[in-house]
Amino acid sequence: MKNTSQYYTRTAQVLHWLMAIIFILAWIIGFYSGNFLSYEVDGSFKGDVISLHKNIATTIIFLVVVRIFWRYTHPAPELPNSMSPVMKKAAHLGHLGLYFMLLALPITGCLYSWSVGYPAPVLYLFNLPTLIGENPAVTAVVKPLHIWISWAAGLLLFGHIAAALKHHFIDKDNVLNSMLKRDQ
Ligand code: HEM
């Protein structure tokens with residue numbers, strides 16, 4: 001199936017920007033808590049910040065399922081012909097990497113929380129079903145994984161934004177607009 005339009009569908013655009021906002025917010029809050037707060041100094045405030053991080057970030061789990069389904073049933077517009085095959089391959093690999101992060105971060109985050117005996121709450125409304133009990137052996141694996149993947153995701157996201165801005169302002173092609181505009 002080929003997308004003959006030069007734009008993403010409206011649904012793909014809304015999912016992209018909504019998830020971008022949630023992902024960046026979750027990243028900043030997680031980074032702040034993990035690197036600038038401690039229970040010794042900040043007490044329950046750190047708990048509140050981690051809780052905010054989780055309540056926002058768990059929504060990604062639901063959205064990514066819809067997003068992957070939509071991506072398979074509604075192919076993306078073609079990349080511009082001005083891009084070399086190597087750059088097109090790099091773009092596809094980068095996008096694949098971002099989808100991987102969208103799955104791996106909430107999964108490792110939830111496993112991390114459950115393994116230390118805490119819930120994985122969604123928008124302060126309900127908790128995700130707890131799939132594993134308290135388990136220090138699991139924490140020893142998923143805690144560093146969550147942190148490393150979050151750093152890799154930050155780098156990839158930075159590259160993604162830089163590439164989008166380069167397409168728009170230097171190459172002056174339609175790549176960024178394909179995620180913003182629609183067929184008239
Ligand atoms: C898109 C989703 C997510 C992103 C982008 C993300 C990002 C981050 C980042 C950047 C950190 C700080 C890493 C560091 O210490 O340098 C972090 C820590 C953490 N994340 Fe996530 N995370 C996500 C999902 C989740 C989920 C779903 C949960 C649990 C339900 C979770 C639980 C935690 C916990 C408990 C910490 C440790 C915070 C601390 O030690 O203060 N994360 N996350």
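The values are calculated or read from the model by the stated rules, or taken from the named source; none is laboratory data. On a predicted model such as this, the values are computed, not experimentally measured, just so you know. In this analysis, Cβ positions are derived from the backbone assuming ideal geometry, glycine residues included, and neighbour counts consider all displayed protein chains. Accessible surface is based on the protein model in full, side chains and every heavy atom, while ligands, DNA and RNA are left aside. Shrake-Rupley method; radii C 1.70, N 1.55, O 1.52, S 1.80 Å.
Selection over region 135-167 of residues that are closer than 18 Å to F100 by Cα and touching a residue at least 60 places away in the same chain (Cβ under 8 Å) gives a count of 8. Looking across region 72-102, just one residue is within 16 Å of the ligand (Cβ to nearest atom) and open to solvent by 100 Å² or more (accessible area, probe 1.4 Å), and that is F100.
Set side by side, the residues P119, P144 differ, and just one is within 13 Å of the ligand (Cβ to nearest atom) and in contact with a strand residue (DSSP E or B) (Cβ under 6 Å, 6 or more places away or on another chain), which is P119. Restricting attention to region 40-50, does a residue exist that is under 22 Å from the mean Cα position of the chain (by Cα), open to solvent by less than 90 Å² (accessible area, probe 1.4 Å) and within 27 Å of H95 (Cβ to Cβ)? Scanning region 40-50, I find no residue that is under 22 Å from the mean Cα position of the chain (by Cα), open to solvent by less than 90 Å² (accessible area, probe 1.4 Å) and within 27 Å of H95 (Cβ to Cβ), so the answer is no. Just one of (1) among the polar types (S, T, N, Q); (2) open to solvent by less than 30 Å² (accessible area, probe 1.4 Å); (3) over 20 Å from Y118 (Cβ atoms) fails for T59. It is (3).
Between H168, H146, H160, the distinction of being within 16 Å of the chain's Cα centre (by Cα), open to solvent by 40 Å² or more (accessible area, probe 1.4 Å) and under 30 Å from A76 (Cβ atoms) belongs to H160 only. Determine if region 45-62 includes at least one residue that is polar (S, T, N, Q) and in contact with a strand residue (DSSP E or B) (Cβ under 6 Å, 6 or more places away or on another chain). Yes, there is a match, as at least one residue in region 45-62 is polar (S, T, N, Q) and in contact with a strand residue (DSSP E or B) (Cβ under 6 Å, 6 or more places away or on another chain).
Selection of first residues in region 18-44 that are in contact (Cβ under 8 Å) with a residue 40 or more places away in the chain and of second residues that are open to solvent by 70 Å² or more (accessible area, probe 1.4 Å) and within 8 Å of the ligand (Cβ to nearest atom), restricted to Cβ pairs under 7 Å at least 6 apart or on distinct chains, gives the following pairs, ordered by first then second residue: G34/I147. On the stretch given as region 1-40, residues that are within 12 Å of the ligand (Cβ to nearest atom) and more than 30 Å from P77 (Cα to Cα) total 12.
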